[in-house]
Amino acid sequence: MSISATYEGVTRRRVARAELTKFRSLRSSWVTLGLALLFLIGFGVIAAAQARTGNDAPGAEGATGYSMALFGVTFALIALGVLGVLTSSAEYTTGMIRSTLAAVPRRLPVLWAKAATYGVIAFVVGAVGALVAFLATSAILSGTSSAVSLSDAGVVRGLLGAGVYLGLAGVIGVALGVLLRSTAGGISALVGTFLLVPGLMALLPDSWSDAVTPYLPSNAGASLYALTQGDGALSAGAGLLVLLGWTALALVGAAYRLKRSDA
Amino acid sequence: MIEARELTKAYGQKIAVDGLTFTVRPGAVTGFLGPNGAGKSTTMRMIVGLDRPTSGTVTVNGRRYADHPAPLREIGALLEAKAVHPGRTAYDHLMVLAHTHGISRHRVEEVIGQTGLDQVAHKRAGAFSLGMGQRLGIAAALLGDPATVMLDEPVNGLDPDGVLWIRNLLTKLAAEGRTVFLSSHLMSEMALVAEHLIVVGRGRVLADTTVRDLVREAGGDAVLVSTADPVRLRSLLAGPGVEITGRPGSEQLTVTGRTPREIGFTAAEHGIPIFELTRHEVSLEEAFMNLTHDAVEYAGRAA
Ligand SMILES: Nc1ncnc2c1ncn2[C@@H]1O[C@H](COP(=O)(O)OP(=O)(O)O)[C@@H](O)[C@H]1O
Ligand SMILES: [Mg+2]
């Protein structure tokens, strides 16, 4: 047999490499990443084109060129978050988890590797998509009153912030998939957290809602890429900390379930 | 070497594995035999750490499976349930597992060749037939070139070609000196390949024996004799290590410890007429049924 004499053991880097190969080798990964880019760039371009022709997109009154460029962030978040969920829930729905955990029986390295590799992928796609959306938008809007430029204050930081938001949302998706072990469950939890819970805040008394809302994952995430902070919104730095807190919480839950439950 | 000590697994109220203690010795094929629901798959999942024992321990080569730095090098397992993403090619599936241990691409190609997957290696596993899927599972089990290979009902549902292929593979693995631990609910399958047998029923060990001893205990080497003078023949055949039974007044004796040939000669020497002289064939299947009868009965009533 031709196994080389070098010591072959499971290491963190090797598990990460395996996770990257898992991701690369599924067609759905590429399709969904493409969709995320399409949403991110497409919605920005459409919003800008509408503004250019004088038809404000619904809800876009008073939008700046920058906010138009990032109009697609929420849609991209759904695509990237769902792909994050799938990355881990499909392990359970297909039975692949048994192969995975037989190879890495300590288990937790799989979660960290999945979260890290997918988090970086979602961040890169998010940041690149946001940059392209911005450049396309600024080209469309050049010469109008909403013209924007990459050298405007805070723009580069904001675009990176959008990437970080999408990357962390992807990690939360991965964690939800491991925690719930079901694609439908994971996607519901993700969509609920990022899209429905903010709407439910209206049901709370105003004082409560004002106190809680900025700390929701979606609002904390939005403050990561906002160019100017609205009333009561968190600063970008505070938003990052809060979003990291939510991500850590989801990962701890996932780690607990992964370590404790039978595969 | 696999060592289980008082291994127990309960799923809620259901006790699937109930204090199993056994050792799978190196360098031999050990069959893990028991009716459906006996707890074989559960035991095998606990061996590779997929299920956590409720109590008791099981070790592979002296350590818990998860405590080995390179677990795939210690034991390769083909489990009962599917363990492949259908959207991934066989090659990519094996590469994923190889990466976790730093196993080379060359080795992946080698196990693909060994399991006859060359033609389909770049096809998605979801399109595989049952037999091809089984080969992929075996390729994964062999990937780390482990000294121990564990297979859970590997021939279940396979066509005759597939069954033959698995049987040859097992023989080859054993000839290479590997420890093979193989489960089945069919004695006939086991008898062909296993030397050692661990028989389980209702989550307990019913017998830890060899195929030969199991048959002997079930009366496999007895000879039936019908004769005109059972009393005289009986006294002529008696001796150390010989056991003879027969109902009074019956012309039939059951003899263990003498061959039909010896009995025939003795009878001829003394001019005793014989009407029947047959080896009493206890099939392995029968021996197994006797052993697991109670366990199956219980399962039938409990279900
Ligand atoms: N995950 C599970 N949850 C609940 N019961 C289970 C589970 N796995 C197995 N069982 C039960 O445990 C018993 C043993 O099952 P199993 O180990 O699959 O037996 P075998 O492989 O010998 O057919 C069966 O009664 C089965 O229904
Ligand atoms: Mg089974």
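When you check B:His196 against the structure, is it of a type outside the set (A, V, I, L, M, F, W, C), within 16 Å of ligand 2 (Cβ to nearest atom) and away from chain A (no Cβ under 14 Å), yes or no? Explain how you work it out, then say what you get.
Details: of a type outside the set (A, V, I, L, M, F, W, C): yes; within 16 Å of ligand 2 (Cβ to nearest atom): no; away from chain A (no Cβ under 14 Å): yes.
No.
Within region B:58-76, which residues are more than 7 Å from chain A (Cβ to nearest Cβ), in contact (Cβ under 8 Å) with a residue 60 or more places away in the chain and either polar (S, T, N, Q) or open to solvent by less than 20 Å² (accessible area, probe 1.4 Å) (or both)?
So in region B:58-76, the residues more than 7 Å from chain A (Cβ to nearest Cβ) come out as B:58-64, B:67-68, B:74-76.
Narrowing the set further to residues that are in contact (Cβ under 8 Å) with a residue 60 or more places away in the chain leaves B:60-62, B:74-76.
Within region B:58-76, B:Val60, B:Asn61, B:Ile75, B:Gly76 meet the criteria.
Is it the case that region B:74-83 has a residue that's of a type outside the set (Gly, Ala, Ser) and more than 16 Å from ligand 2 (Cβ to nearest atom)? Explain how you work it out, then say what you get.
Applying the first criterion (of a type outside the set (Gly, Ala, Ser)) to region B:74-83 yields B:74-75, B:78-80, B:82.
Among the residues that remain, those that are also more than 16 Å from ligand 2 (Cβ to nearest atom) are: B:74-75.
Scanning region B:74-83 turns up at least one residue that is of a type outside the set (Gly, Ala, Ser) and more than 16 Å from ligand 2 (Cβ to nearest atom).
Quick check: anything in region B:77-90 in contact with a Gly (Cβ under 9 Å, 6 or more places away or on another chain), more than 7 Å from every other protein chain (Cβ to nearest Cβ), under 22 Å from B:Arg63 (Cβ atoms) and open to solvent by 30 Å² or more (accessible area, probe 1.4 Å)?
No: zero hits.
If you take the residues in region B:101-115 that are polar (S, T, N, Q) and open to solvent by 10 Å² or more (accessible area, probe 1.4 Å), which one is farthest from the other protein chains (Cβ to nearest Cβ)?
Checking each candidate, the answer is B:Gln114.
If you scan region B:26-57, which residues turn out to be touching a strand residue (DSSP E or B) at 6+ places or on another chain (Cβ under 7 Å), open to solvent by 10 Å² or more (accessible area, probe 1.4 Å) and away from ligand 2 (no atom under 16 Å from the Cβ)?
If the condition is that a residue be touching a strand residue (DSSP E or B) at 6+ places or on another chain (Cβ under 7 Å), open to solvent by 10 Å² or more (accessible area, probe 1.4 Å) and away from ligand 2 (no atom under 16 Å from the Cβ), then B:Pro26, B:Gly27, B:Ala28, B:Pro53, B:Thr54, B:Ser55, B:Gly56, B:Thr57 are the ones that fit.
Limited to region A:70-101, what total is found for residues that are under 27 Å from B:Leu97 (Cβ atoms), open to solvent by 10 Å² or more (accessible area, probe 1.4 Å) and within 12 Å of the chain's Cα centre (by Cα)?
Counting residues in region A:70-101 that are under 27 Å from B:Leu97 (Cβ atoms), open to solvent by 10 Å² or more (accessible area, probe 1.4 Å) and within 12 Å of the chain's Cα centre (by Cα) gives 1.
List every residue pair whose Cβ atoms sit under 6 Å apart, with the two residues 6 or more apart in sequence or on different chains, where the first one lies in region B:90-102 and is of a type in the set (Phe, Trp, Tyr) and the second, anywhere, is open to solvent by 10 Å² or more (accessible area, probe 1.4 Å).
B:Tyr91/B:His122
For A:Gly221, state whether it is more than 16 Å from ligand 1 (Cβ to nearest atom), at pLDDT below 95, surrounded by 19 or more Cβ atoms within 10 Å (Cβ to Cβ) and over 30 Å from A:Ala90 (Cα atoms). It would help to see each step written out before you state the result.
Working: more than 16 Å from ligand 1 (Cβ to nearest atom): yes; at pLDDT below 95: yes; surrounded by 19 or more Cβ atoms within 10 Å (Cβ to Cβ): yes; over 30 Å from A:Ala90 (Cα atoms): no.
Spelling it out, it is not the case that A:Gly221 is more than 16 Å from ligand 1 (Cβ to nearest atom), at pLDDT below 95, surrounded by 19 or more Cβ atoms within 10 Å (Cβ to Cβ) and over 30 Å from A:Ala90 (Cα atoms).
Answer yes or no: is there a residue in region B:142-160 that is farther than 21 Å from B:Arg45 by Cβ, under 15 Å from the mean Cα position of the chain (by Cα), surrounded by fewer than 21 Cβ atoms within 10 Å (Cβ to Cβ) and more than 16 Å from ligand 1 (Cβ to nearest atom).
Pass one, region B:142-160, residues farther than 21 Å from B:Arg45 by Cβ: B:145, B:158-160.
Restricting the remaining residues to those that are under 15 Å from the mean Cα position of the chain (by Cα) gives none.
Checking region B:142-160: not a single residue is farther than 21 Å from B:Arg45 by Cβ, under 15 Å from the mean Cα position of the chain (by Cα), surrounded by fewer than 21 Cβ atoms within 10 Å (Cβ to Cβ) and more than 16 Å from ligand 1 (Cβ to nearest atom).
I need the full set of residues from region B:134-148 which are in a loop (DSSP other than H, G, I, E, B) and either farther than 13 Å from B:Ala90 by Cβ or outside the structural domain of B:Ile103 (by TED's automatic domain parsing) (or both), in order please. Before the answer, list the steps.
Step one: filter region B:134-148 for residues in a loop (DSSP other than H, G, I, E, B), giving B:143-147.
Answer for region B:134-148, where residues must be in a loop (DSSP other than H, G, I, E, B) and either farther than 13 Å from B:Ala90 by Cβ or outside the structural domain of B:Ile103 (by TED's automatic domain parsing) (or both): B:Gly144, B:Asp145, B:Pro146, B:Ala147.
The values are calculated or read from the model by the stated rules, or taken from the named source; none is laboratory data. Keep in mind the model is a prediction, meaning the values are calculated, not measured. Neighbour counts are summed over all protein chains in view; Cβ atoms, including those assigned to glycine, are modelled from backbone coordinates with ideal geometry. Only protein heavy atoms, including side chains, enter the accessible area calculation; ligands, DNA and RNA are left aside. Shrake-Rupley method; radii C 1.70, N 1.55, O 1.52, S 1.80 Å.
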